[in-house]
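Q: The structure under discussion is supplied below as structure tokens; questions concerning it will follow.
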Amino acid sequence: MMPKCRSTYNHFKSLKLHIMKQHSANRTVGETLDKIADDSVTQKSILMEMETDFVINYMPIVEEQDAFLEEKTTLDQIKNTVALGFCRLTAEVSLPQTKVSQMIKLCQHLVQMLGDYFEEKTRIFLKDRKTDLAAPETISFLNKFHIEDLFSEVSTLSKQTKFLNNLAISIPTPVEKVLQKREDIRHVAGITTKVTVNETFMYIPITETLKLIFRNPQNRELMKDNLPPNATIKEYSNFRSGETYQNSEYFKKFPDVIRLNLYQDDVELGNALSSRAGINKVSVFDFKIENFPCKWNSSPKTIFPLIYCTFIDTKKHGFNKILEPVIHDLKKLEHGVDVFYGTEKYTLRAVVTIFCGDTLAVHEVFGLLGPMAKFFCRFCTIPRPAFHQNPFQRFPTRTKEWYELNFFFFFFLSGLINST
């Protein structure tokens, strides 16, 4: 048996070096490592067996450091590592771009100070050994301590986006959707000017966001969250345990489909404006992927933006027009959208299983009446108390004649009210 060891590694090469150095007394492991073939499948299986013996029950406390012992580090590798690290900072919801820019400037100044420090120490070392500091070779050597343009690829948000686009598929870009154009009067420098104002909202294409998320093969594996086989105790552990999933023909055909949870809420951006704060209220739509484990979905990093629009525009134009691009993309995702990650073909399929929001959001999006109203909507014939008393009661089916009669009275009353 392998002695207990708290070291963990991400690369097989580093694990092999660690075992040969720290656990060389175990000849069985040494012989096994010498016989390992170059086949990646064989390496993976042996690595999993070793992890089961002495790694899997311990938290990783030693960071992997031996991966580059036999590799030559180049300046391009350093630049890419630094650039990717700063780009990951932008994923933090609570970290604005101004703070990222300040961090980049601080690190740039720190690198410059370290270069000057090591150059001076090296200059003193060479001078003590009677080295000609004016020689071209010495000058070229001392200049190596100054790394120029180390952060040039990620100094701005546009450069960060360009850098990420070079590493992966295109980053989802918000699309400005026009709701209406209107004429408005603006006073510029005391001169009254008539201008055309576009009433718009921002939509982040959900298909492009899903393409980027599932570019990671580990995320694609998480879609296969099957229930434990031969379960004797019926427990509601996830969405697959419910009757909605088990009785759906679509989920039977595509059991690993992406299940989306939509969220909607209004956000006040100008509380300091007091009575005019409503003008700055923004209606926000986000979504989460229900297939991911709960420990992931409990983090704000797994909340993905979808729609941002002003509260006034939602009242003026309604949610049908604002949600139109989302519904258009969801219809395509329901039938499947083929994407390619290198040479691998993957089909994105997604459906909305939950819509979540506060009482105001749910009633506004679905066109319902207030929570204290007798009926659920303006055309509903189901009294709320009767529904609460028996939700499974069969109420009368509305026919074509019913619609014609009630729509006539509805528009007649609406016109009468508007005229008064």
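The values are calculated or read from the model by the stated rules, or taken from the named source; none is laboratory data. Keep in mind that what you see is a predicted model, and the values were worked out from it rather than measured. Cβ coordinates were reconstructed from backbone atoms using ideal geometry, including for glycine residues, and neighbour counts include every protein chain displayed. Accessible surface is based on the protein model in full, side chains and every heavy atom, while ligands, DNA and RNA are left aside. Shrake-Rupley method; radii C 1.70, N 1.55, O 1.52, S 1.80 Å.
Q: Evaluate Rg over Rh across the range 131-227, taking Cα atoms for both radii and Kirkwood's formula for Rh.
A: 1.32
Q: Provide Thr381, Thr343, Thr207 ordered by accessible surface of protein heavy atoms (probe 1.4 Å), highest first.
A: Thr343, Thr381, Thr207
Q: Here's another thing I want to ask about it. Want the number for Met113 to Trp296: 0.36 nm per residue separation, take away the alpha-carbon distance, what's left?
A: Length gained between Met113 and Trp296: 61.9 nm.
Q: Taking the Cα centre of each part, how many Å lie between the range 152-189 and the range 327-369?
A: What the calculation gives is 23 Å, centre to centre.
Q: Among the listed pairs Lys211/Lys321; Lys99/Lys316; Lys121/Lys162; Lys177/Lys332; Lys374/Lys400; Lys253/Lys316, give every one whose C-alpha distance is greater than 31 Å.
A: Pairs exceeding 31 Å: Lys99/Lys316; Lys121/Lys162; Lys253/Lys316.
Q: Considering only DSSP states other than H, G, I, E and B, which GluC sites (Glu not before Pro) in the range 75-181 qualify as loop sites with at most 15 other Cβ atoms within 10 Å?
A: Passing sites in the range 75-181 are Glu92, Glu148.
Q: Still on this structure, I have one more. Two decimals is fine: what's Rg over Rh for the range 353-395, C-alpha atoms, Kirkwood radius as Rh?
A: Rg/Rh for the range 353-395 comes to 0.99.
Q: Scaled to the compact-protein estimate 2.2 N^0.38 Å, what is the alpha-carbon radius of gyration of the range 315-385, rounded to two decimal places?
A: Normalised Cα radius of gyration, the range 315-385: 1.60.
Q: Order Ser248, Ser94 by their accessible area, 1.4 angstrom probe, all chains in place, largest first.
A: So the residues, ranked largest to smallest area, are Ser94, Ser248.
Q: If you don't mind, another one. Within the range 119-155, which trypsin sites (Lys or Arg not before Pro) sit in a loop by DSSP and count at most 12 neighbouring Cβ atoms inside 10 Å?
A: Filter output for the range 119-155: Arg129, Lys130.
Q: Moving on to the next point. Residue separation times 0.36 nm, minus the C-alpha to C-alpha distance between Met20 and Thr122: what's the value?
A: That works out to 33.1 nm of additional length.
Q: Continuing with this model, one more query. Which of the trypsin sites (Lys or Arg not before Pro) found in the range 292-390 are in a DSSP loop and have at most 14 neighbouring Cβ atoms, other than their own, within 10 Å?
A: Lys374, Arg378
Q: Please provide three numbers in whole Å: the alpha-carbon extents of the range 81-123 along the principal axes, with the largest listed first.
A: 45, 19, 9
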